[in-house]
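Below is one structure; the comments refer to it alone.
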Amino acid sequence: MPVNSESQFQGVIDEIPHIAVDYFLNVQSSLALFLSHCHADHMKGLDSHDLYHTVRTKPGLFIYCSGTTKKILTDWPIYSKLAPYFKVLELNHTVKIDFPGGYCSDDNSSKIGFCVTSIPSGHCPGSVMFLYEGPFGTVLYTGDFRIAKGDSRKFQAFMSNPSRPEYGLKTIDHVYLDCTFCTDSAKTFPSRQTSVDVTIDLVSSWIAKSPEHKVLFTLAGRGFGAEFLFVEVYRKLKLQVHTSDFKHQIYSNLSDIKKAISRQRTTSIHACETMVSAICSFTIVTTV
Ligand SMILES: [Zn+2]
Ligand SMILES: [Zn+2]
């Protein structure tokens with residue numbers, strides 16, 4: 001079971017040498033590319049001219065990702081030109097990846113093709129794991145993930161026979177594991193729901209003090225990943241979260257999130273980047 005640190009991962013799956021995952025530098029010889037989610041440390045080279053040139057000039061070379069990831073990147077100006085080259089993998093569907101003619105090699109059966117299943121990873125909008133199956137065995141690339149104990153049985157792709165649960169789970173021969181929180185300091189890790197509940201209690205008590213009491217989610221404004229919090233804030237407090245115009249453009253095409261966010265600067269709750277004081281005028285700002 002090889003374990004790679006995501007920060008050092010350079011896209012190579014040893015068992016499937018002709019693909020690249022979450023790393024898009026020097027992919028001229030790759031036959032298929034995979035993107036697990038829209039976080040910068042998994043998108044190295046995605047904005048490079050070399051990648052754009054490679055996908056334009058190599059018929060049949062695609063960047064496989066989830067439908068939500070494709071939506072996000074299509075609305076993200078520096079990536080939108082790649083839109084024709086993103087190929088959506090439906091969640092929990094197994095797809096055969098066949099390489100274009102000329103790439104197959106009789107002396108290496110693993111080059112003929114393999115199956116891949118994208119599995120929701122619970123990390124941020126559109127995030128998935130990839131389960132590869134082929135002559136090389138079964139390989140799971142987790143990307144960044146957040147799954148509670150016992151969740152694996154909810155995912156058909158992990159089951160030996162989805163219609164016969166009693167057969168149990170598949171054997172995974174190789175795992176490429178996100179080790180971000182494999183540290184002593186993260187031995188106790190609250191669930192997402194617990195974290196959100198605590199945050200909403202704090203927000204609620206703060207903004208109840210006066211209309212001038214505002215909240216700024218500082219970390220939440222930068223990347224993607226706090227959308228679950230925005231949705232829960234809206235659901236429980238009936239307040240929309242102010243986001244930057246850039247984020248608003250992207251969220252407006254994500255049906256689960258768009259109702260929870262707003263362009264209105266007058267809302268009490270903000271996630272509009274770190275330079276919020278230049279964008280929104282606050283009397284009091286707290287950060288969560
Ligand atoms: Zn991530
Ligand atoms: Zn704001």
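The values are calculated or read from the model by the stated rules, or taken from the named source; none is laboratory data. The shown structure was predicted, so the numbers you read here are calculated from the model rather than taken from an experiment. Positions of Cβ are generated from backbone atoms using ideal geometry, with glycine treated the same way; all protein chains shown enter the neighbour counts. Ligands, DNA and RNA are stripped out before the accessible areas are found, and what is left, the full protein with its side chains, is counted by its heavy atoms. Shrake-Rupley method; radii C 1.70, N 1.55, O 1.52, S 1.80 Å.
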Check: Among the lysines, which have Cα under 19 Å from the Cα of LYS238 when same-chain residues fewer than 8 positions away are ignored?
Finding: LYS209, LYS214, LYS258, LYS259
Checklist line | Most mobile listed residue (GLY122, GLY223, GLY11) in the chain, GNM with C-alpha springs under 10 Å | finding: GLY223
Next item on the list: Under 12 Å from the Cβ of ASP256, count the other residues' Cβ atoms, weight Lys and Arg +1, Asp and Glu -1, and hand me the total.
Entry: +2
Next item on the list: Give the Rg/Rh ratio for the stretch 187-266, taking Rg as the radius of gyration of the Cα atoms and Rh as the Kirkwood radius, to two decimals.
Entry: 0.96
Next item on the list: Per DSSP H run of n ≥ 4, the term is -39500 (n - 2.57); total these for the chain, divide by its residue number, and report the mean residue ellipticity at 222 nm rounded to 500 deg cm²/dmol.
Entry: -5500 deg cm²/dmol
Checklist line | Solvent-accessible area per residue, Å², over the chain with all protein chains present [probe radius 1.4 Å] | finding: 50 Å²
Next item on the list: Would you mind checking which residues have amide H under 5 Å from LEU89's amide H? H placed 1.01 Å from N; only 5 or more apart, or other chain.
Entry: CYS65, SER66, GLY67
Next item on the list: Using the 2.2 N^0.38 Å rule of thumb for compact globular proteins, work out how the chain stacks up: its C-alpha Rg over that value, please.
Entry: 1.11
Check: What is the antiparallel percent of DSSP beta bridges lying wholly in the chain, to the nearest 5?
Finding: 40 percent
Notebook entry, point to check: ³J(HN,Hα) across the stretch 171-181 via Karplus (A = 6.51, B = -1.76, C = 1.60, θ = phi - 60°), whole Hz, x for Gly/Pro?
Noted result: 7, 9, 6, 9, 10, 9, 10, 5, 10, 3, 10
Check: Taking +1 at the Cβ of each Lys and Arg and -1 at the Cβ of each Asp and Glu, which of THR266, PHE158, MET43 sits farthest along the dipole of the chain towards its positive end, judged by Cα position relative to the Cα centre?
Finding: THR266
Notebook entry, point to check: Hey, got the dipole for the stretch 6-184? About the Cα centre, +1 on K and R Cβ, -1 on D and E Cβ, debye to the nearest 20?
Noted result: 580 debye
Item checked: Amide H contacts of PHE114 (H built 1.01 Å from N, under 5 Å, at least 5 apart or other chain) -> ILE97
Check: Rounded to the nearest 0.05, what FRET efficiency do THR218 and SER160 have when you use their Cβ-Cβ distance and R0 = 35 Å?
Finding: 0.20
Next item on the list: Compute the distance in nm between two label points, each set 7 Å from the Cα along the Cα-to-Cβ direction, one at VAL198 and one at GLN8.
Entry: 3.1 nm
Next item on the list: Hey, can you grab everything whose amide H is under 5 Å from the amide H of SER262? Only 5+ residues off in sequence or another chain; H modelled, so Pro and N-termini drop out.
Entry: VAL241, HIS242, THR243
Check: How large, in percent, is the carbon and sulfur part of the accessible surface of the chain at a probe radius of 1.4 Å?
Finding: 53 percent
Check: Using a Gaussian network model of the chain with C-alpha springs under 10 Å, which one of THR199, THR94, THR188 is most mobile by mean-square fluctuation?
Finding: THR188
Checklist line | Extension gain (nm, one decimal) between ARG56 and LYS238, 0.36 nm per residue minus Cα-Cα | finding: 61.0 nm
